[in-house]
Amino acid sequence: MRNVRANARFWIAGIAIAAAGVVLARFLAPSLPAGHARLCTTVSGQLLALVGLGLICVGVSRRVSRAAPAGSDRSEPDA
Amino acid sequence: MHFHDILNVFQGITTLLDSPWSILVARLGLMLLGMVLVYLGKKGVLEPLLMIPMGLGMCAVNAGVLFLDPVTAAAVTEGPAAAGAAAAHGTLMMAPLVQKTDSLMYILQVDFLQPIYTFAFSNGLIACFVFMGIGVLLDVGFVLARPFLSMFLALCAEFGTVATFPIAVAMGLNYREAASIAMVGGADGPMVLFTSLTLAKDLFVPITVVAYLYLGLTYGGYPYLIRFLVPAKLRGLKMPPKPAVKITSDEKLTFAVVACTVLCLLFPSAAPLFLSLFVGVAVREAGLNYFVSFIDGPVLYGSTMFLGLLLGVLCEASTILNPKVLILLILGIVALLLSGIGGIIGGYLAYYFSGRKINPCIGIAGVSCVPSTAKVAQKEVSKVTGDAIILPEALGANISGVITTAILTGIYVTLIPLLT
């Protein structure tokens, strides 16, 4: 878990944003009256949650770019 | 012995002659189509793992029709046995439309594939097993290494899944049916099966059959689309080398846990799919080798075989004669074509925004037919420039495509009931 801890900022921010999206889509939206506002809140919450997951990916990608040794030739995840 | 008794010995032929001409033609046509599928599967033109059991199932179900005894006929039709009425035609394979508990219990003891259909197919379990197998084969590290490129291409390659929906509505399908057939654009069989079982149970047989038939064609058809839309000079473009780094299995496992939890919270209706996919990923990344070999062996291949067989057996003449099937055939190919075009447009955009460094062919890999479309992209590039390697980037887009298609399934399954 060393790499996750070293990159904690992105993991925490990503999870927090995703959780905020879930709250918006699953808790706030159902309490609104049916109509455009409810649909928009649902969709915005879903998008926000996906942005949170994207942020985690970006954090891992940045960690990888920083850790890359000079002169190597390709990026390969674990087999 | 009378001539009538001799005909009763060969009931497959007698029922054929006893059928209305439309059923007769459809049964003969489907038997022929089944044989063609087996042949094309053996030749490698279509995916043999699915097409051989499916083709044989189509031949058998349309050939093996017999006069049902009154009790079985009553259970299949869920009505009282009509005395003196003409004997109903049917098979001893499966009765997918039976709903009543008593009839179902009777049919479970008569039709040999009914237990698999009832307990594994109609509840989406078999789709989830296939998805679990896909999860074990996926390396999410390819996505984590290049998140922007992978997600962008995957989103572009969902063009068909999104654009087919309004086209289908304009062609007369309701929202639920339109969303189910639009999912063919995601090029992921289990997802189409799951969506159609959830949203359009009446049409799930033709939709799923159309999807699997066309998915078999992606391997043969997409190379022509690439050659048509991407000139040879761009197809042979070598991408700049990237530094060698490792995404650790801890990171991949943590991502799988977070993504699974968030997506299940967002789309509970598609939670079985997300759980199946990410449990495969988690098992792989946790290094549980006994589970990995169980899931990517008996579970994946067993499910694929029974999926093919059951889809074939579901292709009865009466099902295929539904007038909506022609619309589904057109929309299925439109969805896949639009997704392929969307993916390649994404590839072109990535090519221009990256300063002409990214090979546009990887766009087709955003269509989530894992790993066929990534292999197709690499094959087409290698044909022009033998030593150009695009597979890691293509696999990133490909795996991102699976996750994007699962998310779109969740969106359709969640939002369509709200719209209707």
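Kindly express, to the nearest 10 degrees and within the range 0 to 90, the angle between helix B:189-199's C-alpha long axis and the longest C-alpha principal axis of chain B. Taking the Cα atoms of chain B, the angle to B:189-199 is about 60 degrees. Largest GNM mean-square fluctuation across B:Ile207, B:Ile23, B:Ile13, computed for chain B with C-alpha springs under 10 Å, falls on B:Ile13. Extending 7 Å from the Cα toward the beta-carbon at both A:Asn3 and B:Ser249 defines two label points whose distance is 1.2 nm. In terms of overall dimensions, the C-alpha atoms belonging to segment B:279-420 reach 53, 43, 36 Å along their principal axes, ordered largest to smallest. With the simple model of a label 7 Å out from the Cα in the direction of the Cβ, B:Lys43 to B:Arg356 spans 4.1 nm.
Normalising by residue count, chain B has a Cα convex hull of 158 Å³ per residue. GNM on chain B, alpha-carbon springs under 10 angstrom: the most fluctuating residue among B:Tyr222, B:Tyr351, B:Tyr106 is B:Tyr106. Each residue, B:Met105 and B:Arg227, gets one label point 7 Å from its Cα in the Cβ direction; the gap between the two is 6.0 nm. Listed by Cβ neighbour count within 10 Å, with the fewest neighbours leading, A:Ser31, B:Ser276 appear as A:Ser31, B:Ser276.
Entry note, segment B:179-251: relative contact order of 23 percent, from Cα contacts under 8 Å with a spacing of 6+ residues.
Across peptide A:36-48, what mean number of C-beta atoms from other chains lies inside 10 Å of a residue's C-beta?
2
Cross-link reach is defined here as a Cα-Cα straight distance under 28 Å, omitting same-chain residues fewer than 8 places apart; for B:Lys375 the lysines meeting it are B:Lys42, B:Lys43, B:Lys233, B:Lys238, B:Lys242, B:Lys246, B:Lys252, B:Lys357, B:Lys383.
Taken about its Cα centre, the protein assembly as shown carries a charge dipole of roughly 2120 debye when the Cβ of each Lys and Arg holds +1 and the Cβ of each Asp and Glu holds -1. So for segment B:127-194, Kirkwood radius off the Cα pairs, Stokes-Einstein at 20 °C and 1.002 mPa s: how many µm² s⁻¹? For the chosen part, D equals 159 µm²/s.
With the charge dipole of the protein assembly as shown set up from +1 on Lys and Arg Cβ and -1 on Asp and Glu Cβ about the Cα centre, the Cα lying farthest toward the positive end among the listed residues B:Phe67, B:Cys369, B:Pro206 is that of B:Cys369.
Size descriptors for segment B:371-420: radius of gyration and Dmax over Cα atoms are 16.2, 52 Å.
From largest to smallest, the equivalent ellipsoid semi-axes obtained for segment B:83-231 from the alpha-carbon gyration tensor read 36, 20, 14 Å. With neighbour counts taken as other beta-carbon atoms within 10 Å, the residues B:Phe159, B:Phe306, B:Phe294 rank, fewest first, as B:Phe294, B:Phe306, B:Phe159. Directionally averaged projected area (segment B:118-157, Cα convex hull): 3.7 nm². Coupling constants for segment B:92-109 follow from the phi torsions by the Karplus curve (6.51 cos²θ - 1.76 cosθ + 1.60, θ = phi - 60°), and in residue order they are 9, 9, 6, 10, x, 8, 5, 10, 5, 4, 4, 5, 5, 4, 5, 5, 4, 8 Hz; glycine and proline get x. The calculated pair-distance distribution of the protein assembly as shown uses every alpha carbon pair, bins of 10 angstrom beginning at 0, and gives 4, 18, 27, 25, 15, 7, 3, 1, 0 percent.
Protection proxy ranking, highest mean first, for peptides B:231-238, B:261-268: B:261-268, B:231-238, where packing is the per-residue count of other beta-carbon atoms within 10 Å, averaged. Between segment B:153-177 and segment B:27-51, the C-alpha centres lie 28 angstrom from each other. Its relative contact order, with pairs defined as Cα atoms under 8 Å and 6+ residues apart, puts chain B at 26 percent. Ranked for footprinting exposure by Cβ neighbours inside 10 Å, fewest first, B:Ile295, B:Ile116, A:Ile12 give A:Ile12, B:Ile116, B:Ile295. Among B:Ala73, B:Ala317, B:Ala256, the largest mean-square fluctuation in a Gaussian network model of chain B, built with springs joining Cα atoms closer than 10 Å, belongs to B:Ala73.
FYI, it's all coordinate maths here, none of it is from the lab. All figures in this text were calculated on a predicted structure; none of them were measured in a lab. All Cβ positions, glycine included, derive from the backbone under ideal geometry; neighbour counts span all protein chains shown.
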